[in-house]
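Contents: one structure, followed by commentary.
Please treat every number below as a calculation from the coordinates, not as lab data. Just so you know, these numbers come straight off a predicted model, no measurement behind them. All Cβ positions, glycine included, derive from the backbone under ideal geometry; neighbour counts span all protein chains shown.
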Amino acid sequence: MPEEVAAMLHCSVKTVEERTRRGDLPGLKFGDGWVFPAAALFQRLNEKALEEARERGGLAPLQPTAVRHQVKRRKTPPTLPEPP
């Protein structure tokens with residue numbers, strides 16, 4: 001419900017609906033109302049907070065990390081006998 005999101009964010013319902021239409025907040029339009037999946041909303045709020053903190057110079061930019069995956073090598077398969 002936009003009213004609950006507005007109360008949580010200390011803003012107006014109109015602001016929540018505008019930010020949702022612009023794509024700043026994740027929401028689904030059902031009929032005349034909006035539905036806000038909690039996990040998606042909190043994830044987006046976390047992302048937005050980190051983005052804005054970086055813009056203000058408060059956080060270092062994220063560095064991509066490499067993931068090493070060790071590949072197991074197979075032994076050579078046994079040779080099959082020739083058919084008679």
Next item on the list: Rounded to whole Å and ordered largest first, report the semi-axes of the equivalent ellipsoid of the range 2-55 derived from its Cα gyration tensor (root of 5λ).
Entry: 19, 12, 10
Item checked: Normalised contact order of the range 2-55, rounded percent, pairs of Cα under 8 Å and 6 or more residues apart -> 24
Item checked: Lys, Arg +1 and Asp, Glu -1 on Cβ, resulting dipole of the range 2-55 about Cα centre, debye, nearest 20 -> 120
Margin query: Using a 7 Å offset from the Cα along the Cα-to-Cβ direction at both Glu82 and Asp32, what is the distance between the two label points in nm, to one decimal?
Written below: 8.6
